[in-house]
Structure formats: structure tokens, C-alpha cells
Amino acid sequence: MKTQRSIILLALAATLTSCAPHSSIGLVDVQRIVSNWPEYQGYQTQMFSEERSITSRRESNSRKQRDAFDLQRKYSKITDRLSAQLRDVAGKIAAQRQLKLVLTREGVGYGGVDITGDVEKALNITEKASPTPGT
């Protein structure tokens, strides 16, 4: 869900620490992480399934709205937990590599040290192979 990705992006951006004029900057590709993170993907699939179930039931609209709100609240808590986990890992890697600032890759044209691979490793994420052109 786009909202959940936005929450993760904003949460990761909150890992910003003090910024000196010549500070080292770390970058994390959050889109890549969430597309390869089995835990995130599992919750995403489960949420979509539950959403479909709610909309397809033969119940009153008010009941569906109440259930949808409860579902949104449940997954907001899960997203907050996953965001905190991602922030913690990125913060630890930034400290190890003596980075002063960590940003999300989205919106950064160039520069910075990409720590996405380190974050994936710490979260036990294996990047899915990209399809090769022409195959």
C-alpha cells in the first residue's frame, strides 16, 4: 500500500542526526528493501487479502467501514514496528560507518554512501534477482 511505503520513508528520514557541513551521508533504498523483505511482503499480502474479504462480504456498509478501520489500525501498528526495525538497523550501520546523516535514496539524485545492502543483510533480506532483458 502506498500509504505504508510513505510511512516507512518518513520514518527512515527521521533517523537524521546532527549535520556538519562536510558530513558523510548514508542512503537507503527503501523501495528495494520493502520489495525484497519477506516479513513486509507477508504482511502486505495478508492485508490485501483481508481487505478483499471485507469488501466482498454481505454486510452493512457501516460494518464494513468499521472492519476496514480496524484493519487499517492493525496494519498501521505493524508498519510502525517494521519502520522502527528499519530505522534501528540503519542507525546502527550509520554509527558503525561513522555516517552523520542517513536519507532515503528516493529523491536523492547523486552522492552519499549506499548502505542498503548492509541494511538488507542485517534484516536477513535476500535481494530478488532482476529479470535479464530478452529472457
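The values are calculated or read from the model by the stated rules, or taken from the named source; none is laboratory data. Being a predicted model, the structure only gives us computed values, none of them experimental. Positions of Cβ are generated from backbone atoms using ideal geometry, with glycine treated the same way; all protein chains shown enter the neighbour counts. Each accessible area value is taken on the protein alone, full model and side chains, heavy atoms only, with ligands, DNA and RNA left out. Shrake-Rupley method; radii C 1.70, N 1.55, O 1.52, S 1.80 Å.
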>> What's the total number of residues in region 93-119 that are touching a residue at least 12 places away in the same chain (Cβ under 8 Å), of a type outside the set (A, V, I, L, M, F, W, C) and more than 16 Å from Val30 (Cα to Cα)?
In response: 4
> For Ala129, all conditions in the list (1) open to solvent by 70 Å² or more (accessible area, probe 1.4 Å); (2) hydrophobic (A, V, I, L, M, F, W, C); (3) modelled with pLDDT of 90 or more; (4) part of a loop (DSSP other than H, G, I, E, B) hold save one; what is the number of the exception?
Replying inline: (3)
> Looking at (1) assigned to a helix (DSSP H, G or I); (2) among the polar types (S, T, N, Q); (3) open to solvent by 60 Å² or more (accessible area, probe 1.4 Å); (4) out of contact with any helix residue (DSSP H, G or I) (no Cβ under 8 Å at 6 or more places or on another chain), which is the one condition that is false for Gln98?
Replying inline: (1)
>> Pairs needed: first member in region 36-60, closer than 16 Å to Ile125 by Cβ and in a helix (DSSP H, G or I); second member anywhere, open to solvent by 50 Å² or more (accessible area, probe 1.4 Å) and of a type outside the set (Lys, Arg); C-beta distance under 8 Å; at least 6 residues apart or different chains.
In response: Asn36/Thr126; Asn36/Glu127; Gln44/Met1
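Yes/no per residue for (1) open to solvent by less than 20 Å² (accessible area, probe 1.4 Å); (2) not polar (S, T, N, Q):
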{"site": "Arg57", "(1), (2)": "no, yes"}
{"site": "Ser60", "(1), (2)": "no, no"}
{"site": "Phe69", "(1), (2)": "no, yes"}
{"site": "Ala94", "(1), (2)": "yes, yes"}
{"site": "Thr116", "(1), (2)": "yes, no"}
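Per-residue answers, yes or no, for (1) in a helix (DSSP H, G or I); (2) under 16 Å from Val34 (Cβ atoms); (3) in contact with a Leu (Cβ under 9 Å, 6 or more places away or on another chain); (4) of a type in the set (Ser, Thr, Tyr):
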| residue | (1), (2), (3), (4) |
| --- | --- |
| Ala68 | yes, no, no, no |
| Arg73 | yes, no, no, no |
| Lys77 | yes, no, no, no |
| Ser83 | yes, yes, yes, yes |
| Val89 | yes, yes, yes, no |
| Gly109 | no, no, no, no |
>> Give me the residue from region 30-55 that is of a type in the set (S, T, N, Q) and more than 13 Å from the chain's Cα centre (by Cα) and, out of that set, surrounded by the most Cβ atoms within 10 Å (Cβ to Cβ).
In response: Gln46
> Does region 18-26 contain any residue that is outside any loop (DSSP other than H, G, I, E, B) and either within 16 Å of Thr104 (Cα to Cα) or at pLDDT 90 or above (or both)?
Replying inline: yes
